[in-house]
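Heads up, the thing below is written out as structure tokens.
The values are calculated or read from the model by the stated rules, or taken from the named source; none is laboratory data. All values reported here derive from a predicted model rather than from experimental measurement. A quick note on method: Cβ atoms are made from the backbone with ideal geometry, for glycine too, and the neighbour counts reach across all protein chains shown. For accessibility, only protein heavy atoms count, side chains too; no ligands or nucleic acids. Shrake-Rupley method; radii C 1.70, N 1.55, O 1.52, S 1.80 Å.
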Amino acid sequence: MDPVQATPTTASPATARAERPRRGERIMAAINRDPLTAPHAVRNDAVLAVFTAALATVLALLVGHGRDPGAPGWALLLAAHLPLPWRRRRPLLVLLLVLVPVVPYHALDNNHAAPVAATMVALYTVAATVPPRRTLLLGTVLIGATLTLNALTNPDGFVELVRITGWVVAVLVFGVDVRYYRQYVAAIVERAERAERTREEEARRRVAEERLRIARDLHDLLAHSITLIGVQTSVAAHVLAADPERLDRETVAKALDDIAETCRAARGELRTTLEVLRDNGTADVRGPLAGLDGVPDLVEAARLAGARVEHSVRVGDAVPPAVGAAAYRLVQEALTNAVRHAGPEPAVRVDLREEDGVLRLSVVDDGTGPTPGGTPGFGLVGMRERARSVGGTLDAGPRAGGGYRVSATLPLTPATREGTR
């Protein structure tokens, strides 16, 4: 069997089609790029100057319009191309330096077509980079000077005069149009980048808000559950240590059952809260929000922990879920603080009522309040943040007659009400 000979690989039609868009994209990127900030500007313009000088030389030698340049003419023609490498850095100065040798070159009646390319390149650069008003003023001065020079050197060349004026106007209009097009493209790119930054900032803001919400929920849940477990454990320990010979098994069993029930409820809420961290963004895994219908359970749990709680809920049915959840968490945290800081068997009054389009919440106890000089926690901070999250306010502090009071005002807007129906 003959060995397989390697054959040179050729680009497939699909590869060629893929390269054409990339080549077109590079060309469009070069056109859209700001000429004042383009990379390698001097090097590229030096190549352009050499090409323009070679074209001018060919035109001076081959085109029979006017006489062939002598030594002064060649020197002036070469001098007109020398400033072109710096045309983007100093467009007005380069145009002036180009016109300085071009004017005497034409005045000597040399080949008039030779320096046209260099003049048009410099003129286009000015029109594409300087403000339009300056371009209009410069074009007027240049056309006036051209008319004057042509009248002195060729008074009968009306056709030549129209042709020169048309070229100047065409180059100026083209340069200004390119300038406006580049500004339009830059504005589109800037808006796209700003929109992208806005989306990223919005995504970061939402992530921060979600993390804060989870932190608040975890704080409320764990603080409430751990406080109740601590109180119930203390009850069981007290019963066991009070009279070991006459053990109240029923009380101990009830305390342990309450601890188990609190643990089960806390585990369920904790699982629901932490499932948000596993969400891939395709579904809402948080489940139904806690609401005002859960307040009686909070009251009963506080009673089991030893507090004497009375509550009153006078609220309509159309409470927005977010407001109901905020009120639930505020009551939960307030009862937790009362059980923890108000002393043994505090009397607590929980009141929720709807009044003038707002939900007014009040939790008042007759206890001693937090220990002075203690390390402040995150409870009050989280409560204020939760109230602000639904547009409400919260006040908390000791009462004048003793005890502690937490009050909140949560708005019930018409738009939010309609959204719950």
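Take residue 63 and residue 263, extend 7 Å from each Cα along the Cα→Cβ direction, and tell me the distance between the two endpoints in nm.
Calculated label separation equals 9.9 nm.
Quick one: accessible area per residue over the range 67-107, 1.4 Å probe, rounded to a whole number of Å²? Please list the in-between numbers first.
Numbers: 2170 Å² over 41 residues.
Normalised by residue count, the accessible surface of the range 67-107 is 53 Å².
Taking the Cα-to-Cβ direction at residue 310 and at residue 207 and moving 7 Å from each Cα, how far apart do the two end points lie in nm?
5.1 nm
Measuring from label point to label point, each 7 Å out along Cα→Cβ, what is the residue 254 to residue 109 span in nm?
12.7 nm
Given 0.36 nm per residue, what is the gain on full extension from residue 181 to residue 293 after removing their alpha carbon distance, in nm? Mind showing how you got there, number by number?
On the way: separation 112, 0.36 × 112 = 40.32 nm, distance 6.25 nm.
Value of the extension gain: 34.1 nm.
Just to verify a number: FRET efficiency for residue 141 and residue 163, C-beta to C-beta distance, R0 = 25 Å, to 0.05? Provide the component values of the computation, followed by the final result.
Details: r = 19 Å, r/R0 = 0.77.
E(calc), rounded to 0.05, equals 0.85.
Once the piece of chain linking residue 218 and residue 133 is laid out straight, how much longer is it, given 0.36 nm per residue of separation minus the C-alpha distance between them? Intermediate values should be presented prior to the final figure.
Values: separation 85, 0.36 × 85 = 30.60 nm, distance 6.45 nm.
Full extension of this stretch gives 24.1 nm more.
Hey, got a sec? Which GluC sites (Glu not before Pro) in the range 284-364 land in a DSSP loop and have at most 12 other Cβ atoms within 10 Å? Walk me through the intermediate numbers first.
Numbers: sites: 300, 310, 333, 354, 355; in loops: none.
When the GluC sites (Glu not before Pro) of the range 284-364 are filtered for loop state and at most 12 Cβ neighbours within 10 Å, nothing remains.
Which FRET efficiency value, to the nearest 0.05, do you get for residue 46 and residue 197 by plugging their Cβ-Cβ distance into 1/(1 + (r/R0)^6) with R0 = 30 Å?
Plugging the Cβ-Cβ distance into 1/(1 + (r/R0)^6) gives 0.20.
Calculate, for residue 55 and residue 96, the FRET efficiency according to 1/(1 + (r/R0)^6) with r their C-beta to C-beta distance and R0 30 Å; round to the nearest 0.05. Let's see the in-between values first.
Numbers: r = 22 Å, r/R0 = 0.73.
So the FRET efficiency works out to roughly 0.85.
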